[in-house]
Every structure is written in C-alpha cells, then in structure tokens.
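A.B. asks: Take a look at the following structure, please.
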Amino acid sequence: MVKAPVSDRDPLHDRGTFAGLCNLTGAVRPVPDVALGAAFAKGPTWRLIFYANLPFCVLAGFMLKFCLRLSRPSKSVDLSY
C-alpha cells in the first residue's frame, strides 16, 4: 500500500531508492518488535504501550507535514456527472 502513491508522485529514477528503503524497513523491523513485544507483555499495561508509541506518532505527523512533497493540481476538476 505504501508503494502505490509513490508510483504517481515520484519520478522513475527515485522509485528504486524508495522501494529499497521500504524493503529495508520490513527486514529490520521484526527484530525490535519481538523484543519490545515480549518486554511489554510481561508487565506494563496498555497505557504504557500507548504512551511509548505517542512520541513516534507525533514525529511521524511532523515528518509527513514537512517532508512529504505533494503537487497541487493547477486547475479545478469538475466531478459532477
């Protein structure tokens, strides 16, 4: 799902880099996920897990706001049928 919007947004020569970064994330992510999941399953409640994820969600929101380059259409589109 992540790669679909990139095919419309990024030029062809940048798509390989983005695909490599997505694949790297998928390869590295399971290692800390298992360790953190086991540590959180032992004792903390769901509130601690929520508060631990909150800074990452805020960081992701700021990164989307300031790093995502979206082009705006130059003319309006009529969607009436």
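Laboratory data are not the source of any read-out in this text; all were calculated from the coordinates shown. These figures come from a predicted structure and were not determined experimentally.
A.B. asks: Please label the shape of segment 3-67 as rounded, prolate or oblate, based on the square roots a ≥ b ≥ c of the eigenvalues of the alpha-carbon gyration tensor (a/c under 1.5 means rounded; beyond that, a/b larger than b/c means prolate, else oblate).
C.D. replies: Oblate.
A.B. asks: How much length, in nm to one decimal, is gained on full extension between R15 and V34, taken as 0.36 nm per residue of separation minus their Cα-Cα distance?
C.D. replies: Computed gain between R15 and V34 is 3.9 nm.
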